[in-house]
Amino acid sequence: MLIIGYCMGIRSERRLCDEVHLNLAYRWFCGLGLEGDVPDHSTFSKNRHGRFRDSDLLRKLFETTVERCIAEGLVGGEGFAVDASLIRADANRQTGGPGSEGLPPNADSRAVREYFAVLDDAAFGAATPVVPKYLAPADPASRWTCAHGGQAYYAYSTNYLIDLDHAVIMDVEASSAIRQAEVTACKRMIERT
């Protein structure tokens, strides 16, 4: 189902479940048949934060795909480009507070625990000594940005290392939406590749 979502540009897991429920081709691809039950949307987040994260399955699938591209001669290995895209975080802009005040003392969620776990990581908190302008209690690792102009929002940065011969994405790394973290992500991707 996730492959269908990625290929068809279906970003919402709720909508993906609805689409698979209604579309016979999607049901066939997923092996559900006419009478098969479509998983609940919450199944995706439970697996993402549990089994998939612990097993590193999606990273292995990605690297296997890149290896196949190399074996087929689609990767030249001589010229690369790095690009970053902003991904809007699931954080309400009205609930955030000034970064200088830190998180509220009663903030205790999975997102907050993960934030504290990576605070010293160069891709997130340690990339810069600058205190964030705003912090979102729902997703403190995201950064307040107005990079595209217009209204500011909380976001992450997805960084891509792309081979220039056939535009094959060689590596991907998420980081905080600040330039220093993007540079660190670039160096890590080059080392891994």
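The values are calculated or read from the model by the stated rules, or taken from the named source; none is laboratory data. It should be emphasised that the depicted structure is a prediction, and the values quoted were computed from it without experimental measurement. Glycine also receives a Cβ, built like all others from the backbone with ideal geometry; neighbour counts cover every protein chain displayed. Areas reflect the complete protein model, heavy atoms only, side chains present, ligands, DNA and RNA absent. Shrake-Rupley method; radii C 1.70, N 1.55, O 1.52, S 1.80 Å.
Some points to look at:
A quick yes/no check of all residues on (1) under 30 Å from E63 (Cα atoms); (2) at pLDDT 65 or above; (3) open to solvent by 30 Å² or more (accessible area, probe 1.4 Å):
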residue	(1), (2), (3)
P98	no, yes, yes
V118	yes, no, yes
K133	no, yes, yes
A136	no, yes, no
Y160	yes, yes, yes
A177	yes, yes, no
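- Whichever residue in segment 138-150 is free of Cβ contacts under 8 Å to residues at least 40 places away in the same chain and open to solvent by 50 Å² or more (accessible area, probe 1.4 Å) and, among such residues, is nearest to K60 (Cα to Cα): C146
- For segment 53-63, the condition holds for no residue, the condition being that it is in a loop (DSSP other than H, G, I, E, B), at pLDDT below 85, open to solvent by 40 Å² or more (accessible area, probe 1.4 Å) and farther than 24 Å from S157 by Cβ.
- Filtering segment 3-50 to residues that are among the charged types (D, E, K, R) and more than 23 Å from T65 (Cβ to Cβ) leaves R14, R15, D18, E19, R27, E35, D37, D40, K46.
- In segment 1-32, residue modelled with the lowest pLDDT [restricted to those that are under 18 Å from L58 (Cα atoms) and open to solvent by 60 Å² or more (accessible area, probe 1.4 Å)]: R11
- For segment 68-84, a residue qualifies if it is free of Cβ contacts under 8 Å to residues at least 24 places away in the same chain and in a helix (DSSP H, G or I), and the qualifying residues are R68, I70, A71.
- Hits in segment 6-43 - residues which are under 19 Å from the mean Cα position of the chain (by Cα) and basic (K, R): R11, R14, R15
- The lone exception for N106 - which of (1) surrounded by 13 or more Cβ atoms within 10 Å (Cβ to Cβ); (2) modelled with pLDDT of 65 or more it fails: (1)
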